[in-house]
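Student: Pasting in a structure now, in structure tokens, and then I'll have a few things to ask.
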Amino acid sequence: MGTLDLNSISTDQYFANTNYVADKENSSVSTTKGDKSSQVDDSIQSKIHNSAVNVSISMESIKVFLNIKSVEMTQENTNSQSFLMNIINNTEVYDFLSGKEIDGGLSLASIGYDGKPITELTPDEAKELVSDNGFFGIDQTSQRVSGFVISLAGDNVEALQEARRGVVQGFEEAEKMWGGELPEISYQTQEKTLKIIDEKINELLKTDSQKELEDSSNSDSVKEDK
């Protein structure tokens with residue numbers, strides 16, 4: 001279809017699962033004098049981007065399935081039946097929704113979900129999961145996904161911006177995968193997720209600007225003392 005859980009799994013556990021041993025302490029981020037922006041190694045930046053893409057796609061796949069599953073299947077509901085069959089015929093997606101671990105170490109457990117496999121839910125159970133207070137509702141999912149990418153990038157603006165691009169790309173790929181349009185809850189969740197990420201980016205940028213201002217003020221003070 002890739003810590004923090006998207007409730008309890010740590011970033012180091014996640015990277016280990018995706019064959020990325022945390023070299024980030026040695027090579028992922030470096031800051032040089034005279035350049036206040038942190039530089040992210042291209043290979044690490046690519047992993048961050050791809051991880052955000054995979055998480056975004058997995059979340060939307062869950063929402064699509066839950067949206068369909070929450071509606072009773074009837075003969076008149078042929079579109080939903082067709083959609084459900086497409087998901088069932090997508091082996092990797094169906095394995096993921098069934099609770100199995102797929103390539104990259106991603107599974108329902110790795111995103112913090114420990115309930116019944118998504119594929120075995122009744123319509124009422126599916127509705128509950130995407131309700132306002134549900135595990136895959138707007139609030140919890142947006143907090144989980146944004147928390148994941150923020151943890152992945154740390155306080156590095158460049159890395160977080162790349163993770164944001166990954167979230168957007170994953171969402172767009174999910175749209176194409178599932179017929180060009182996702183359930184309304186997906187769009188509402190995506191909007192809230194990006195808002196949280198953008199607020200973090202703005203916070204980090206503001207901090208950088210303040211540091212530059214302080215450095216400039218300190219430099220002026222030294223010149224005046226001389």
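The values are calculated or read from the model by the stated rules, or taken from the named source; none is laboratory data. Just so it is clear, the structure is predicted and the values come from calculations on it, not from any experiment. Methodologically, a virtual Cβ is constructed for each residue, glycine included, from the backbone with ideal geometry; neighbour enumeration extends over all protein chains shown.
Student: All but one of (1) at pLDDT below 90; (2) under 19 Å from ALA52 (Cα atoms); (3) part of a loop (DSSP other than H, G, I, E, B) hold for GLU181; which doesn't?
Tutor: In the conditions (1) at pLDDT below 90; (2) under 19 Å from ALA52 (Cα atoms); (3) part of a loop (DSSP other than H, G, I, E, B), GLU181 misses (2) alone.
Student: Among (1) surrounded by fewer than 22 Cβ atoms within 10 Å (Cβ to Cβ); (2) among the basic types (Lys, Arg); (3) closer than 17 Å to SER56 by Cβ, there is one condition LYS100 misses while meeting the rest; what is its number?
Tutor: Single failed check for LYS100: (3).
Student: For the list (1) surrounded by fewer than 15 Cβ atoms within 10 Å (Cβ to Cβ); (2) more than 24 Å from SER46 (Cα to Cα), I need the number of the one condition that THR189 fails.
Tutor: Failed condition: (1).
Student: Then there's this: What is the number of the single condition among (1) part of a helix (DSSP H, G or I); (2) surrounded by 17 or more Cβ atoms within 10 Å (Cβ to Cβ) that ILE88 does not meet?
Tutor: Here ILE88 meets the rest and fails (2).
Student: Do we have VAL145 as in a helix (DSSP H, G or I), within 16 Å of GLU60 (Cβ to Cβ), of a type in the set (Val, Ile, Thr) and in contact with a Lys or Arg (Cβ under 9 Å, 6 or more places away or on another chain) here?
Tutor: Working: in a helix (DSSP H, G or I): yes; within 16 Å of GLU60 (Cβ to Cβ): yes; of a type in the set (Val, Ile, Thr): yes; in contact with a Lys or Arg (Cβ under 9 Å, 6 or more places away or on another chain): no.
Against the criterion (in a helix (DSSP H, G or I), within 16 Å of GLU60 (Cβ to Cβ), of a type in the set (Val, Ile, Thr) and in contact with a Lys or Arg (Cβ under 9 Å, 6 or more places away or on another chain)), VAL145 does not qualify.
Residue-by-condition table, conditions (1) within 30 Å of PRO123 (Cα to Cα); (2) at pLDDT below 70; (3) buried (at least 20 other Cβ atoms within 10 Å of the Cβ); (4) among the basic types (Lys, Arg):
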site	(1), (2), (3), (4)
VAL21	no, yes, no, no
GLN45	no, no, yes, no
ILE48	no, no, yes, no
VAL53	yes, no, yes, no
GLU76	yes, yes, no, no
ASN79	yes, yes, no, no
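Student: Next question. Exactly one condition in (1) crowded, with 17+ Cβ neighbours inside 10 Å; (2) part of a helix (DSSP H, G or I) is false for GLN169; which is it?
Tutor: (1)
Student: Report yes if some residue within the range 187-210 is within 16 Å of ILE57 (Cβ to Cβ), modelled with pLDDT under 95 and basic (Lys, Arg); otherwise report no.
Tutor: no
Student: Another one. Among the residues of the range 57-72, is there at least one that is exposed (fewer than 13 other Cβ atoms within 10 Å of the Cβ), modelled with pLDDT under 80 and within 20 Å of LYS127 (Cβ to Cβ)?
Tutor: yes
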